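Participant: I have a structure I would like to understand better, so I am pasting it below and will then ask my questions one at a time.
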Amino acid sequence: MSNIKFHNSPQTHVLILGCQNVDFGFLTIQAPGTSPNTDGIHIQVARNVSIHNSQFADGDDCISIGDRTSDISITDISCGLVMV
């Protein structure tokens, strides 16, 4: 998945659940800083996931990692409350 913009999701913008060998790059995720529980990406029960060259501005975790997850590569991420 690449070159996609997510804006104002009511909860997690992207859920990676039960996946393996996936690549996410050049994503833009934006939600108000006051919005609760709006994770940018949540990874769970996944293996060999790459997230790179992306910007996250949301009200909760930029990237959260749950149980039974391994071999995760996260590089060149901008994480904060305000998108510039």
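Participant: State all residues of region 10-63 that are hydroxyl-bearing (Ser, Thr, Tyr) and within 12 Å of the chain's Cα centre (by Cα); if no residue qualifies, say none. Walk me through how you get there before you give the answer.
Facilitator: Going through region 10-63, the residues hydroxyl-bearing (Ser, Thr, Tyr) turn out to be 12, 28, 34-35, 38, 50, 54.
Listed by number, the residues that qualify are Thr12, Thr28, Thr38, Ser50, Ser54.
Participant: Looking at region 17-63 only, could you name the residues that are hydroxyl-bearing (Ser, Thr, Tyr) and closer than 12 Å to Cys79 by Cα? It would help to see each step written out before you state the result.
Facilitator: So the first thing to find is which residues in region 17-63 are hydroxyl-bearing (Ser, Thr, Tyr), and the list is 28, 34-35, 38, 50, 54.
Matches in region 17-63: Thr28, Ser54.
Throughout, read-outs are computed from the coordinates displayed, never taken from laboratory work. Everything numeric here is computed off the predicted structure, so don't read it as measured data.
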